[in-house]
Amino acid sequence: MKIAVIGVGHLGKHHARILGTLPGVELVGVVDVNQPRAAAVASEFGGRPFGDWREVVGQVDAVTIATPTAGHLEIADAFLDRGVHVLVEKPMTQTTADADRLLRTARERGVCLAVGHTERFNPAVERIKPLVQAPRFIEVHRLGTFPERSLDIDVVFDLMIHDLDLVLDIVGSEVAAIEAVGVPVLTPRVDIANVRLRFANGCIANLTASRISRDRVRKIRFFQRDAYVSVDYAAQEAEVWRLVAKDGGMPGIEGGKLEIERDEPLKRELADFVAAIRDRRPPLVTGEQGRAALELAERVVERMEMVK
């Protein structure tokens, strides 16, 4: 399977690193407007360097797109329209209208469209998903240090969208109400945001995202009847605690850390994309699911109270 990576900056170079080693995959090209960077990545991981994505049209079966979000629509739609399978990094496009265009093109051409929400491939997340049943309250903290990337979008689309996608997937209910507050600190865009989601089934989710914290924290906690489930995304660790009835006495709390085999989520994501193409099946994170996360992020921003 011939694949090229479009955009080999902070994240895209890791796409190239992994795709260059996947069995049955030939990394035929790496593309970046910064041609010295493309040449350096190609030299290290394989493939030919290109300065323009149009140069690889007709040479590939699939592409992964890790350019700034503003370029996702044009690039992804061009490849999809030519029957090329596409994995596009989150957020999939700038607007849901643009996402709808990609979905329409993918359906018309019968090709795979995947969206890069890597936390779905986190081994700790995969481990706890069967254990989370009808959560009543979800608490999320995703705090990062000030980046040198993704400043073309605010923190909701940059960081929080990972958790919006995961919460939507796990809760499986419509969002009935949204409360949100955002603070621009170091950029003109929102750098810190807190969001409270109320789902139609009664579940409440409270999410905080920041890209100006001193320490990196990436955790999600689920509270459900008689059980508490906690995940540390970064450490790939999870704990489960349950209320257990005792014969003739007070109930006790039992549980602890789960055994988890650590792995690189991006590697699992790219392997799933390749397998989905080969097996003619949907990827784990479909274009429709990427659109759902994007739509919720848009709704959050529309309802956001700005604090200046």
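Read the figures in this text as sums done on the coordinates, not as results from a lab. All values derive from a computational prediction rather than experimental measurement. Here the Cβ positions follow ideal geometry from the backbone for every residue, glycine too, while neighbour counts run over all protein chains shown.
Cα centroid separation, the range 1-44 to the range 91-162: 22 Å.
Could you tell me which of A106, H10, L270 has its Cα farthest along the dipole of the chain towards the positive end, charges placed at Cβ (Lys, Arg +1; Asp, Glu -1), taken about the Cα centre? Looking along the dipole axis, the top candidate is L270.
Other residues with beta-carbon under 10 Å from the beta-carbon of L19 carry, at +1 per Lys or Arg and -1 per Asp or Glu, a net charge of +1. Tell me, how many Å apart are the Cα centres for the range 245-299 and for the range 52-76? Cα centroid of the range 245-299 versus Cα centroid of the range 52-76: 27 Å apart.
Can you tell me which of 53-60, 283-290 comes out highest on packing, and rank the rest after it, using the mean Cβ neighbours within 10 Å?
Working: 53-60: 15.6, 283-290: 21.4.
Answer by packing, highest mean first, reads 283-290, 53-60.
Please list the helices of the chain that count as membrane-span-like by this rule: a mean Kyte-Doolittle hydropathy of at least 1.6 together with Cα atoms stretching 24 Å or more along the helix axis, each helix being a complete DSSP H run.
In the chain, no H run is both long and hydrophobic enough.
The C-alpha atoms of the range 169-227 occupy a region whose extents along the principal axes are 39, 24, 16 Å, arranged from largest to smallest.
For the peptides 105-114, 249-258, the ranking by packing is 105-114, 249-258, with the highest mean count of neighbouring Cβ atoms within 10 Å listed first.
Magnitude of the Cβ-charge dipole of the range 61-106, K/R +1 and D/E -1, about the Cα centre, nearest 20 debye?
On the way: 4 positive and 7 negative charges, 13 e Å.
Roughly 60 debye, rounded to the nearest 20.
Given charges of +1 on the Cβ of Lys and Arg and -1 on the Cβ of Asp and Glu, with all other atoms neutral, how large is the dipole of the chain about its Cα centre, in debye to the nearest 20?
Working: 41 positive and 45 negative charges, 44 e Å.
Taking the Cα centre of the chain as origin, the dipole is about 220 debye.
For the chain, the mean residue ellipticity at 222 nm estimated from helices alone is -9000 deg cm²/dmol, where every DSSP H run of n ≥ 4 contributes -39500 (n - 2.57) and the total is divided by all residues, rounded to the nearest 500.
With only Cα atoms counted, the range 136-284 has Rg and Dmax values of 18.2, 61 Å.
3J(HN,Hα) along the range 177-193: 8, 9, 10, 8, 9, x, 10, x, 10, 9, 9, x, 9, 5, 9, 10, 9 Hz, from the Karplus curve 6.51 cos²θ - 1.76 cosθ + 1.60 with θ = phi - 60°, whole Hz, x for Gly and Pro.
Within the chain, antiparallel bridges make up roughly 60 percent of the DSSP beta bridges whose residues both belong there. Coupling constants for the range 214-223 follow from the phi torsions by the Karplus curve (6.51 cos²θ - 1.76 cosθ + 1.60, θ = phi - 60°), and in residue order they are 6, 10, 8, 10, 9, 9, 9, 10, 10, 10 Hz; glycine and proline get x.
According to the Kirkwood expression over distinct Cα-Cα pairs, how big is the hydrodynamic radius of the chain, in Å?
Working: mean 1/r = 0.0491 Å⁻¹.
The Cα-based Kirkwood calculation yields 20.4 Å.
Protection proxy ranking of 267-275, 213-221, 11-19, by the mean of other Cβ atoms within 10 Å over each peptide's residues and highest first, is 11-19, 267-275, 213-221.
Here the range 8-136 is treated with +1 on each Lys and Arg Cβ and -1 on each Asp and Glu Cβ, and its dipole about the Cα centre works out to around 460 debye.
With contacts defined as alpha carbon pairs under 8 Å and 6 or more residues apart, what's the relative contact order of the chain in percent? If you can, show how the numbers build up before the last one.
Numbers: 662 pairs, mean separation 55.2, N = 308.
With pairs under 8 Å counted, the relative contact order is 18 percent.
With the convex hull constructed from alpha-carbon coordinates only, the range 1-143 shows a mean projected area of 10.5 nm² over all directions.
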